[in-house]
Amino acid sequence: MPTATPPKVSGIPVVSRLSPSSVKEQISTMEEFLAPPAPGHRYPYPPNGTCESASHLGYSVFWATYAVFLLSSLFFIFLASRVEKSLRLFHYITTTVTLIAAVSYYAMATHSGSTCIPTPHDSADVHAYRQVFWARYVDWLFTTPLLLMDLAFLAGMGWVDIILLTTADQGMILLGLFAGLKSRRTGHGKARWGWFVMSLVLFLYVVGLLTTTARRHAKARGGRVRKIYDTLGFYAVSLWCAYPIVWALGEGTRKIGVDAEIIAYAVLDVMSKAVFGSILLIAHMRNPETSVPLTGYWNSLVPEGDSERARLLAEDDDEN
């Protein structure tokens, strides 16, 4: 029988059937492409280059930090179960922070959420790269505004100030991401410091709001609130000041390796999220005046006047 001529599209022959061997080869190639690198693998990127990447130590730190955030989330959920639903604002926010951080570290531990950025090399024939984990910036984009909201609600700031605070913070993170993903090759390296400086300006603005406006509101609340805010605020700001230093030593100038950078960020993240959240929630339990009750529709969709439905919901909450 004569062999059928493959159909043509715009004069180009289209293969209508692939041989089993060809399909097998393509599947094998795709599996190799999608397979994550083995721990400690110093994969070339591209083939004639080299990428400074995390080793087995770095990925082990990712897994350990993931476990810490997961356990912290369970601990915060337990603490939330011990207070009334209307008094769980700080518990909701803090638990969300650690859950997001856990997801981020899981992504990085499973060889996701990173890319290799061009860096300078002594030899012009070698394409050098450094692994940058953009997943941590996604983490910070969501978690740092929530941490700031913890402090803002504790101090009693108004919504306008809270919006300014969180917007500036998210702008700071995005500018930091642009700096981290900027090529460090000749002619491009200086641009990343421009992004870094702009991010630093917003960071100083955030710190300024926390040390002036927020502190005045905390003072106005009086009692133990001011002391607790001063303690937590100083603790948080001190830790946050270390982040740009780590960035400058790691992604900025490559003075420290990828593993050292991972360890530094992991310690800072645990201290500023899990430990910070624990201190806040324990202080909240011991000092009722720090509470920010969730009232009205924030706590229940029961219309005012529907006393019977409100009574049934209250009984259900008491049983739980």
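Please treat every number below as a calculation from the coordinates, not as lab data. Here the structure is a predicted model, which means the values were calculated and not measured. As a convention, Cβ positions derive from the backbone with ideal geometry for all residues, glycine included, and neighbour counts pool all protein chains shown.
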Inter-probe distance in nm under a simple model that places probes 7 Å from Cα toward Cβ, at Ser81 and Ala220: 3.9 nm
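Evaluate E = 1/(1 + (r/R0)^6) for Phe153 and Ser238, where r is the Cβ-Cβ distance and R0 equals 22 Å; express this FRET efficiency to the nearest 0.05. Intermediate values should be presented prior to the final figure.
Working: r = 21 Å, r/R0 = 0.94.
For R0 = 22 Å, the calculated efficiency reads 0.60.
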Part-to-part distance (alpha-carbon centres) for the stretch 210-266 and the stretch 88-162, which is given in Å: 14 Å
Virtual spin-label span in nm between Val267 and Leu249, 7 Å along Cα→Cβ: 0.8 nm
Spin-label model distance (nm) - Ser60 vs Asp230, 7 Å beyond Cα toward Cβ: 4.3 nm
Interchain or long-range residues, amide H under 5 Å from Ala128's placed H: Thr50, Thr119
Protection-proxy order for peptides 276-283, 160-167, each taking the mean of Cβ atoms within 10 Å per residue, highest first: 276-283, 160-167
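State the extension gain, in nm to one decimal, for the chain segment bounded by Val207 and Gln170, taking 0.36 nm per residue of separation less the distance between their alpha-carbons.
Numbers: separation 37, 0.36 × 37 = 13.32 nm, distance 1.35 nm.
Residue separation times 0.36 nm, minus the Cα-Cα distance, leaves 12.0 nm.
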